[in-house]
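What follows is a short report on a single structure.
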Amino acid sequence: MSRLSAFTVPPILETPRLILRAHGPGDLESCTAMWSEPAVLRYIRKSPYPREEVWTRILRYGGHWQWLGFGFWAILEKVTGQFIGELGIQNFERDIEPEFSGTPELGYCITSVNHGKGYATEAARTVLSWFDGHIDIPYTNCMTSPDNIHSQRVALKCGYEYVRQSIHQGSPVAMFRRRRAAQPPA
């Protein structure tokens, strides 16, 4: 997949309560803490992500922007500046049926203390609006644990529709798809 936009770093996006900005080296501690919270990992994996793997994840986010022109944002609470999670569009070339390759995928993770506040939906709607306005791809996908009804609610509120259940890396997943919103003529 070639670069699909002129962006090599994420633009700063704002919502009424949030600021979405590029990840940087200073986010390593906050991201590592989030990716070790049992409530965050509940539907993802049994053990915390090691610091080294979180660092690789942050570097991968930068690579998405450099190579594809889209990727992930760090999410900050606007009033306090506190890191509350990350969200974005990725292409991980997953080995899964139905095929995900070439179709970007919405992903999100919010610190457990901020679960249930609507931050994921607020940030996702903003990112999807940006994506639809800058990237000419007809669909995006989203994948959750079949048991993670909270994550599925975020996807549904953002216009995703359930497609089917599948298996990814030995675990069941629920797969969703969203059609790109029509853009007004320029």
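Odds and ends about this structure:
- Cα gyration tensor, region 1-69 - rounded (a/c under 1.5), prolate or oblate: prolate
- Range of Cα positions in region 101-186 per principal axis (Å), largest first: 43, 30, 17
- The H on the amide N of residue 145, modeled in the peptide plane, is under 5 Å from the matching H of 174, each at least 5 residues off or on a different chain.
- Selection among 88, 59, 156 by position relative to the dipole of region 57-186 gives 156 as farthest towards the positive end (Cβ unit charges, Cα centre).
- Secondary-structure-derived ellipticity at 222 nm for the chain, considering helices only, amounts to -8500 deg cm²/dmol, per-run term -39500 (n - 2.57) for DSSP H runs with n ≥ 4.
- In the assembled protein chains, residue 8 presents an accessible area of approximately 50 Å² (probe radius 1.4 Å).
- Here region 1-119 is treated with +1 on each Lys and Arg Cβ and -1 on each Asp and Glu Cβ, and its dipole about the Cα centre works out to around 260 debye.
- Sorting the Cα pairs of the chain by distance into bins of 10 Å, from 0 upward, gives 9, 38, 42, 11, 1 percent per bin.
- Largest GNM mean-square fluctuation among 76, 20, 59, using the chain with Cα springs under 10 Å: 59.
- Set of lysines with alpha-carbon distance to residue 157 below 18 Å, sequence-local pairs under 8 removed: 117
- Length gained on full extension, residue 168 to residue 13: 52.7 nm, using 0.36 nm per residue less the C-alpha separation.
- For region 121-158 versus region 57-110, the gap between their alpha-carbon centres in whole angstrom: 11 Å
- Sequence-distant contacts, meaning Cα pairs under 8 Å at least 6 residues apart, place the relative contact order of the chain at 19 percent.
- Each Lys and Arg Cβ is given +1 and each Asp and Glu Cβ -1; about its Cα centre, region 66-186 then shows a dipole of about 400 debye.
- Here the accessible area of region 1-67 is 60 percent carbon and sulfur, with a 1.4 angstrom probe and all protein chains present.
- GNM top mover of 39, 74, 22 - the chain, alpha-carbon springs below 10 Å: 39
The values are calculated or read from the model by the stated rules, or taken from the named source; none is laboratory data. Because the structure is a prediction, the values reported are computed rather than measured. Neighbour counts run over all protein chains shown; Cβ positions are idealised from the backbone, glycine included. When the accessible area is computed, the model is the full protein with side chains, heavy atoms only, and any ligands, DNA or RNA have been set aside. Shrake-Rupley method; radii C 1.70, N 1.55, O 1.52, S 1.80 Å.
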